[in-house]
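Read-outs throughout are calculated quantities, based only on the coordinates presented, and are distinct from any laboratory measurement. Every value quoted in this text rests on a predicted model; they were computed, and no experiment measured them. All Cβ positions, even for glycine, are placed from backbone atoms using ideal geometry, and neighbour counts span all protein chains on display.
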Amino acid sequence: MLKVGVIGAGSFGEKRAAAVQSSSNGKLIGIADADITRAKAVSAKLGVQHYRVDELLGEAHIDVVIICVPNKFHAPVTIAALSAGKHVLCEKPLARNAAEACRMVKAAEDSGMFLKTGANHRYFASVQQAFDIAKSGYIGEVISFNGRIGNDGERLKNSWFWDADVSGGGTMLDNGCHLLDIARWFMGNFVEAAGITSNLYWKDCDVEDTATGIFRTKDGRLATINSSWRQLSGYFHFEVNGRDGYITVDGRFDTHGGDNLYWQSRNEKGEIHSINYGQVRPNSYIAELQEFFADIEKGIEPKPSGRDGLEVTKMVEAIYKSSSNIVKI
């Protein structure tokens, strides 16, 4: 069983730590935070040891570190953990920008340790089933992807997410990255992009509160993704179109995403299949960790890897660059 430490005692750090305790192949050793008082509070709540960050990284018996700190600190803390001989799961987005992500990927390669990008939306039961259907060939070659994701932005108001220096970007980097990752998972790499961003609602925010990106693969297949901090809270929807059919995942209102799954093939005379996952207890964080721990034990590079996280960061950067060079009409 792998021994695990968590760096970052905020809401996501606590959530990740609790998921370790619920996993079957990981043991939570302790929690570290730059604010030792907060580390003490969360570690006491979970019944584990508290640490300063350097103390946790210096513990030789800790195998894996999960990093849940503000985006500005992803790169330095991840690189320090990898250099200390720890496998790392870094919460999404991997970094504020591609340059930071590149350094993180290189550190993983140099250290021989695994770096996994946090992407719990891949582990929704509906999304896993959608991926299995697509890979089975049921809808034929996937030729397009269309998705939207977001929340009303209230919980982020006046937080570090609004600070461009700390966050690196707004809604597309924060929650849009989930769909960017899923689009790559279904379609492969994208080579061209265009996009636009806006701050219509949260006007005092340094970063965008809504954004849209369009991406094209080398062979011309398209993905369109919209992300927002100014619409209904907790929505998550995407449609995958193939040459022979489609798959739709549709979730709303803080239901942990993907409540309903629909799929249809033109070869089945119009029959539409569906599954409602609304009553399924969410366990995406646990499933994600269990796969990560199993991959480490097997010596298999985890997915999404650090390099996958880097590619998503490049996609976000492409949207930001495109938005600053839009064509006037």
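For segment 38-142, the Cβ-based charge dipole about the Cα centre amounts to some 380 debye (Lys, Arg positive; Asp, Glu negative; other atoms uncharged). Taking the Cα centroid of segment 261-329 and of segment 72-136, what is the distance between the two, rounded to the nearest whole Å? If you average the Cα positions of each part, the centres end up 13 Å apart. Whole-Hz Karplus values for segment 161-178 come out as 4, 7, 8, 4, 5, 7, 8, x, x, x, 4, 5, 6, 6, 10, x, 4, 4 Hz, taken residue by residue from phi with 6.51 cos²θ - 1.76 cosθ + 1.60 and θ = phi - 60°; glycine and proline positions read x. Shown here are the Rg and Dmax of the Cα trace of the chain, at 19.7, 62 Å.
Sorting TYR138, TYR277 by the number of Cβ atoms found within 10 Å of their own Cβ, with the fewest placed first, yields TYR138, TYR277. With a Cα-only, solvent-free Debye model of segment 117-230, what are the log10 I(q)/I(0) values at q = 0.14, 0.15, 0.20 Å⁻¹? At q = 0.14, 0.15, 0.20 Å⁻¹ the computed log10 ratios are -0.62, -0.70, -1.07. Once a ≥ b ≥ c are taken as the square roots of the eigenvalues of the Cα gyration tensor of segment 274-329, is the result rounded (a/c under 1.5), prolate (a/b larger than b/c) or oblate (a/b not larger than b/c)? The shape class here is oblate.
The simple Förster model, with R0 at 30 Å and r as the Cβ-Cβ distance, assigns THR37 and SER83 a FRET efficiency of 0.65. From least to most packed, judged by other beta carbons within 10 angstrom and beginning with the fewest, LEU179, LEU57 follow the order LEU57, LEU179. The alpha-carbon atoms of segment 187-306, seen along their principal axes, cover 45, 45, 37 angstrom, with the largest extent given first. The residues ILE67, ILE79, ILE275, when put in order of fewest to most other Cβ atoms within 10 Å, stand as ILE275, ILE79, ILE67. Rounded to the nearest 20, the size of the Cβ-charge dipole of the chain about its Cα centre is 80 debye, with Lys and Arg at +1 and Asp and Glu at -1. List, in the order given, every pair from LYS45/LYS92; LYS15/LYS72; LYS3/LYS86; LYS72/LYS106 whose Cα-Cα distance in the structure shown is over 22 Å. The pairs that break the limit, which is 22 Å between Cα atoms, are LYS45/LYS92. For the chain, a Gaussian network of Cα nodes joined below 10 Å ranks ILE196, ILE225, ILE300 by mean-square fluctuation, and the top entry is ILE300.
When you filter the trypsin sites (Lys or Arg not before Pro) in segment 9-114 for DSSP loop state and at most 14 other Cβ atoms inside 10 Å of their Cβ, you are left with ARG52.
Averaged over residues, the count of other Cβ atoms within 10 Å places the peptides 125-133, 266-274 in the sequence 125-133, 266-274, highest first. Checking the cross-link filter: which aspartates and glutamates have an alpha carbon closer than 17 Å to that of LYS135, excluding same-chain neighbours under 8 positions apart? The reachable aspartates and glutamates, counting only those whose Cα sits under 17 Å from LYS135, are ASP181, GLU239, ASP244. The alpha-carbon of LYS218 sits under 14 angstrom from the alpha-carbons of these aspartates and glutamates, leaving out residues fewer than 8 places away in its chain: GLU192.
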